[in-house]
1. Among the residues of segment 361-384, write down those that are over 20 Å from residue 424 (Cβ atoms) and in contact (Cβ under 8 Å) with a residue 12 or more places away in the chain.
2. Taking the stated definitions as given, is residue 84 outside any strand (DSSP E or B), surrounded by 16 or more Cβ atoms within 10 Å (Cβ to Cβ) and either free of Cβ contacts under 8 Å to residues at least 12 places away in the same chain or not small (Gly, Ala, Ser) (or both)?
3. In segment 386-421, which residue that is in contact with a strand residue (DSSP E or B) (Cβ under 6 Å, 6 or more places away or on another chain) and among the hydroxyl-bearing types (Ser, Thr, Tyr) is farthest from residue 33 (Cα to Cα)?
4. Out of 347, 341, 389, which single residue is small (Gly, Ala, Ser), closer than 30 Å to residue 310 by Cα and not in a loop (DSSP other than H, G, I, E, B)?
5. Return the pair list, or none, for Cβ contacts closer than 6 Å from residues in segment 228-242 that are farther than 18 Å from residue 260 by Cα to residues that are aliphatic (A, V, I, L, M) and more than 13 Å from the ligand (Cβ to nearest atom), at least 6 apart or on different chains.
6. Could you tell me how many of the residues in segment 1-47 are within 14 Å of residue 149 (Cα to Cα) and in contact with a helix residue (DSSP H, G or I) (Cβ under 9 Å, 6 or more places away or on another chain)?
7. Suppose we keep only residues that are in a strand (DSSP E or B) and surrounded by fewer than 23 Cβ atoms within 10 Å (Cβ to Cβ) within segment 60-78. Which one would you say is modelled with the lowest pLDDT?
8. Which ranges mark the helices (runs of 4 or more DSSP H) fully within segment 255-316 that have 2 or more residues being at pLDDT 85 or above?
Amino acid sequence: MSHVFVVDANKQPLDPVHPGRARLLLSQGKAAVLKRFPFTIILNVAIDAPVVEELRIKIDPGSKTTGIALVNDRSGEVVFAAELHHRGATIKEALDDRRAVRRSRRRRHTRYRKARWQNRRRREGWLPPSLTSRISNVLTWVKRLRKLCPITAISMELVKFDMQAMENPDIQGWEYQQGTLAGYELREYLLEKWNRMCAYCGKGNVPLQVEHIVPRANNGTHRVSNLTLACEKCNQAKGRQDIKDFLKKKPAVLKHILAQAKAPLNDAAAVNATRWELFRGVQAFGLPIECGSGGLTKYNRTTRELAKTHWIDAACVGQSTPEHLNITRISSLLITATGYGKRQLCGVDKHGFPKRHRQRKKVHHGYQTGDLVRAVVPEGFAAAGRHVGRVLARATGSFDLRTARGRIEGVPVRYCRPLHRNDGYSYHSTRGGNSSPPL
Ligand SMILES: [Zn+2]
């Protein structure tokens, strides 16, 4: 179980507590539930100058999923873990749809406005909306978690490979039992750059050795641009030969290797624009930030013998990672970005013709589409029974509920009680590898 967040009567964040203790506080009437996701209780007393344990929020940003972990650096305990699923693809589809509708409308000549071409400007550093939403998702959650617990530092994975550590292995002071971290990182980098196969014979799925293109014996350097990967057989066969002699009969392979060796791993793969933008966003919180590389994350995870999941990766980001990470019985919260509905008032059919119109109003009888409610509907109604689900709010006051067991239609608003207002995300919890249905 992840810990439960606690705030005092003034909504000041306190130390997260064990779920058992939270249950006790709730049953004794000393606290009430403030939020269901992430589960937070509010004490009914205010606490002056509370003494709290400092927590570090650790982020491993990914293109589809971002791992988030809250770690107590002193005790090595992971207090809370979450996996945030982004909605980049949905946003792109929505924009493509809108573009198609607008384009077809112009072509029908139903408007007399002259076409405006080439009058659009993009500001510098513009990112597509699908990527902007990813950044906003992460910033939103850092902001939300900061309100619920005492976060005093941030760690994030900024780059895939630490190029500086690789180019100048000597400037790094830290060495580990299994050789230098730089060496570890270098291997990962080479695997990525050479597509995980032998550069000479193209064999994959075999143990690969780091190979000097200009051999050490001929004063070849340790620089990345002089390194490639080879299977043991090819490595032995090449030995101290010059690469030009070794590949005399395979000029195409030689040409490819020499070109590939000089090309740095493309920028997008090493550091992507989104991460830099996220970094700038995170800086605005004014907390100390530690940046780690993907190589370091993997090193931390494998030396601590942990499984690979997004949130465990997040917990392993950066040099501050405690020697022993306590992750027992942590179940991560799966958070899926859903957005707050759309602004489109006119629904169209597949040909782009108007089909239905929505009201300008979003709130009906105190509910918005997406609010999580509990409904206890008495006998005599088609929807009789107890239901928990997301509401589809209608002006008529007859709501539909999206529950784990399917859609329940015609739930009268007077039998609904709000559990969690729509906050742009849906939630599942994981326990022992099984995930509950989305709520
Ligand atoms: Zn080979």
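1. Of all residues in segment 361-384, those over 20 Å from residue 424 (Cβ atoms) come to 365, 374-384.
Of everything in segment 361-384, those that are over 20 Å from residue 424 (Cβ atoms) and in contact (Cβ under 8 Å) with a residue 12 or more places away in the chain turn out to be 365, 374, 375, 376, 377, 378, 381, 382, 383.
2. Working: outside any strand (DSSP E or B): no; surrounded by 16 or more Cβ atoms within 10 Å (Cβ to Cβ): yes; either free of Cβ contacts under 8 Å to residues at least 12 places away in the same chain or not small (Gly, Ala, Ser) (or both): yes.
Spelling it out, it is not the case that residue 84 is outside any strand (DSSP E or B), surrounded by 16 or more Cβ atoms within 10 Å (Cβ to Cβ) and either free of Cβ contacts under 8 Å to residues at least 12 places away in the same chain or not small (Gly, Ala, Ser) (or both).
3. Looking at the filtered set, the residue picked out is 398.
4. Values: 347 fails: closer than 30 Å to residue 310 by Cα; 341 fails: not in a loop (DSSP other than H, G, I, E, B).
Step by step, each of 347, 341, 389 is checked, and only 389 is small (Gly, Ala, Ser), closer than 30 Å to residue 310 by Cα and not in a loop (DSSP other than H, G, I, E, B).
5. 240/217
6. Adding up the residues that qualify gives 17.
7. Per the criteria, the residue is 65.
8. Values: elements: 267-270, 273-283, 294-303, 310-315.
Result: 273-283, 294-303, 310-315.
The values are calculated or read from the model by the stated rules, or taken from the named source; none is laboratory data. None of these values were measured; they are calculated from a predicted model. With ideal geometry, Cβ positions are generated from the backbone for all residues, glycine too; neighbour counts draw on all protein chains shown.
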